[in-house]
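Engineer: Pasting in a structure now, in C-alpha cells, and then I'll have a few things to ask.
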Amino acid sequence: IIEDFTKEEDALETGYKSLDKWVRIPRAVNTVIAGKPSHGKTTFMLNLLYRLVKNNPGESFFFFSYEEPRAKLYTKLLSVMVREQLIASQGNLEYLRYYLRERRTDNDKIEAAKEELEELVDSGRLQVLSTPYTYEEARPIISQLKELGRPVGACFFDYIQKIPGEGRDIRNKVVGASGELLKAANESGAAVILGSQFNREGAKKGEPRLSDLNESSA
C-alpha cells in the first residue's frame, strides 16, 4: 500500500522530503489538513502552497481565504519566501508590515521575495482570493479556472467550516461544501485542499483521531 502511494505518478509532492516518503496529494479529490484552533493550519497551508508552486512551474495554484484578509496572507507568503528571521527583536510579520507600510526598499532579502511574489501573482501562477464565495459559487469557479491557459494544480480553502452555503447548521454546510468541492475537483482535475478544525472533543484531546473531523455521519 505504501508503495502504491509513493509511486502515484500523477499526485502532487508536498515538497517536504520526510512527508513525501509516505504520502502525496492526489488530484481530482479532496484532501483535508486538520488541526486544533490556532495550531498553525493556515501557516502550514501557505508553506505547502509555496512549495507546490515552486515544484510545479507549469501549473497555477489558488488560495481561497475565509478568515484572513488577502493582504495579510500575502505578507505571510513573503515571510515564507524570506526563509529566515529578519530581526531578532521582532516577529517577521510585524516587521514586514512596518517595512511595506513605510515603503522601504533597503532590505535585499525582502526585495527579492517581493519580486518573486510579484512575478508569481502577475503570471497567474499564484492567487489569493478573500471573496467569501459560497460553495455553490466556488464549484463553477474552480471548473472554469482550467480555461485560463494553464493547468490548475490545487485550490486551497481556509477553512471548510467557514465556507458559506445552504444549510441551517454547520453539519449540513460542511456536508454540502465537501460534496460540491469534490465535484469541482473531479471536473477540473485539480487537487482540492481543505483546512479543517477538529470538533470540540478532538480539540480537547492530546492525540487526534480521524473521527475528530466529523461534523456529520459522513
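The values are calculated or read from the model by the stated rules, or taken from the named source; none is laboratory data. Every value quoted in this text rests on a predicted model; they were computed, and no experiment measured them. Please note: Cβ atoms are built from the backbone with ideal geometry, for glycine as well, and neighbour counts cover all protein chains shown. Just the protein is used for accessible areas: all its heavy atoms, side chains included, with ligands, DNA and RNA removed. Shrake-Rupley method; radii C 1.70, N 1.55, O 1.52, S 1.80 Å.
Engineer: Of the heavy-atom accessible surface of segment 61-155 (probe 1.4 angstrom), what whole percent is carbon and sulfur?
Structural biologist: Numbers: 2430 of 5220 Å².
Summing carbon and sulfur atoms, their accessible area is 46 percent of the total for segment 61-155.
Engineer: Any idea what the relative contact order of segment 1-82 is, in percent, if you count C-alpha pairs under 8 Å spaced at least 6 apart?
Structural biologist: In percent, rounded to a whole number, it is 24.
Engineer: Now for a separate question. Can you give the angle from 0 to 90° between the axis of helix 92-101 and the longest principal axis of the chain, with both taken from C-alpha atoms, to the nearest 10?
Structural biologist: Computed tilt is about 60 degrees.
Engineer: In nm, to one decimal, how far is the modelled label at Arg103 from the one at Glu118, with both set 7 Å along Cα→Cβ?
Structural biologist: For Arg103 paired with Glu118, the spin-label model returns 1.4 nm.
Engineer: Only loop residues by DSSP count here, and only those with at most 13 other Cβ atoms within 10 Å; note down the GluC sites (Glu not before Pro) in segment 130-200 that meet that.
Structural biologist: Of the GluC sites (Glu not before Pro), the ones in loops of segment 130-200 whose Cβ has at most 13 other Cβ atoms within 10 Å are Glu166.
Engineer: Need one number: the % of Cα-Cα pairs in segment 37-121 sitting beyond the 21 Å mark.
Structural biologist: Percentage above 21 Å: 30.
Engineer: Any idea of the accessible area per residue across the chain, 1.4 Å probe, to the nearest Å²?
Structural biologist: 56 Å²
Engineer: Further question: Just to be sure I follow the definition: excluding the sites themselves, where is the longest run in the chain that has none of the trypsin sites (Lys or Arg not before Pro) in a DSSP loop with at most 14 other Cβ atoms within 10 Å?
Structural biologist: My reading of the result: 105-167 is the longest stretch.
Engineer: OK, next. Segment 96-178: which chymotrypsin sites (Phe, Trp or Tyr not before Pro) are DSSP loop and have at most 10 other beta-carbon atoms within 10 angstrom?
Structural biologist: Hits after loop and neighbour filter: nothing returned.
Engineer: In percent, what relative contact order does the chain have, based on Cα pairs under 8 Å that are 6 or more apart in sequence?
Structural biologist: Reported as a whole number, the value is 29 percent.
Engineer: Out of these labelled values of volume of the Cα convex hull per residue in Å³, [x] 146; [y] 249; [z] 125, which was calculated from the coordinates shown here?
Structural biologist: [x]
Engineer: Shifting gears a bit: What value, in deg cm²/dmol to 500, does the helix sum -39500 (n - 2.57) over DSSP H runs of n ≥ 4 give at 222 nm once divided by the residues of the chain?
Structural biologist: Rounded to the nearest 500, the figure is -13500 deg cm²/dmol.
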